[in-house]
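The values are calculated or read from the model by the stated rules, or taken from the named source; none is laboratory data. Here the structure is a predicted model, which means the values were calculated and not measured. In this analysis, Cβ positions are derived from the backbone assuming ideal geometry, glycine residues included, and neighbour counts consider all displayed protein chains. Heavy atoms of the whole protein, side chains included, go into the accessibility calculation; ligands, DNA and RNA do not. Shrake-Rupley method; radii C 1.70, N 1.55, O 1.52, S 1.80 Å.
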Amino acid sequence: MSLLEMKQVQAYYGGIHALKGIDLSVEEGEIVSLIGSNGAGKSTTLKAICGQVKTKGTILFAGKEIQAQPPHATALNGIAHVPEGRRIFPKLTVKENLEMGAFSVRDKKMIRERIERAFAYFPRLKERYHQQGGTMSGGEQQMLAIARAMMMKPRILLLDEPSMGLAPVMVDQIFEIIEELNREGTTILLVEQNAYQALQIASRGYVIQTGEIIMQDSARALLHSELVKEAYLA
Ligand code: ATP
């Protein structure tokens, strides 16, 4: 059984048919990358999983149908979403942002332990503990957004363009952290326009174009495919 499975998932925004029957699966322990150009439907795919857009079709998480569940149920099910544009709470400190990520956890000691764990992955956030999120660099805010999502110990992390707008050094760091989180047991579905790096760290990948999956294969095969090279790695 796959951890996540989408079967013929469709989504509309008014008259725009944004997803035209997506079939996609993620196995426990994998990094799967979903690549595609602007407006292809990458973000909508993640929103569909999180119940943020109305869909037709079936979405199974750990064997259970989740397509009709409201967004707040998603987090409790073990699905964490880091949306595009790293929406942290700009006026709250790093510490407060992390605490918000653990909103469903009552045990104070457990929250402290998870914050310590976040700092092991993201030492830079420890140095910025009392700093307001909004005053940090783009890369630091992206780290905070990912660390906050990890506070509820998700089974799967949905990452929407984590490298967007970051300096190359920072991009490398973010991809290293994604790999490390995966090595520690978190399954990851990664949406990226940065196809090369996204496929480098993934085991499998999907290519989405105008709301349809046009290719799926091992990440290695996609990296060597002429179509992918021409359209997405140029
Ligand atoms: P990007 O990286 O540019 O966000 P994407 O692959 O994530 O691209 P989506 O954001 O999923 O693409 O958009 C898919 C399609 O749905 C596009 O045609 C987009 O214009 C449209 N769309 C997305 N959000 C909305 C919305 N809130 N209202 C209307 N149309 C939308």
field: Those residues of region 123-147 which are free of Cβ contacts under 8 Å to residues at least 40 places away in the same chain and under 12 Å from LYS95 (Cα atoms), in sequence order
entry: LEU125, LYS126, GLU127, ARG128, TYR129, HIS130, GLN131
message: Can you pull out every residue in region 205-220 that is hydrophobic (A, V, I, L, M, F, W, C) and in contact (Cβ under 8 Å) with a residue 24 or more places away in the chain?
response: VAL207, ILE208, ILE213, ALA219
message: List the residue pairs whose Cβ atoms are under 9 Å apart, where the first residue sits in region 174-187 and is within 15 Å of SER163 (Cβ to Cβ), the second is open to solvent by 70 Å² or more (accessible area, probe 1.4 Å), and the two are 6 or more positions apart or on different chains.
response: PHE175/GLN200
- request: Pull up region 150-202, narrow it to residues that are more than 21 Å from ARG220 (Cβ to Cβ) and of a type in the set (Lys, Arg), then point me to the one that is surrounded by the most Cβ atoms within 10 Å (Cβ to Cβ).
  value: ARG155
query: Can you name the residue in region 154-170 that is assigned to a loop (DSSP other than H, G, I, E, B) and in contact (Cβ under 8 Å) with a residue 40 or more places away in the chain and, of all such residues, is farthest from MET143 (Cα to Cα)?
result: ARG155
task: Quickly run through region 35-64 and pick out the residues that are crowded, with 17+ Cβ neighbours inside 10 Å, within 12 Å of the ligand (Cβ to nearest atom) and assigned to a loop (DSSP other than H, G, I, E, B).
output: GLY36, ALA40, GLY41, GLN52, VAL53
- request: Look at LEU76 and say whether it is within 17 Å of LEU157 (Cβ to Cβ) and open to solvent by 70 Å² or more (accessible area, probe 1.4 Å).
  value: yes
- prompt: Looking only at residues in region 11-30 that are open to solvent by 10 Å² or more (accessible area, probe 1.4 Å) and away from the ligand (no atom under 12 Å from the Cβ), which one is farthest from ALA75 (Cα to Cα)?
  reply: GLY21
task: Among the residues of region 91-117, count how many are part of a loop (DSSP other than H, G, I, E, B) and more than 23 Å from the chain's Cα centre (by Cα).
output: 3
message: Looking at region 203-222 only, could you name the residues that are surrounded by fewer than 17 Cβ atoms within 10 Å (Cβ to Cβ) and part of a helix (DSSP H, G or I)?
response: ARG220, ALA221
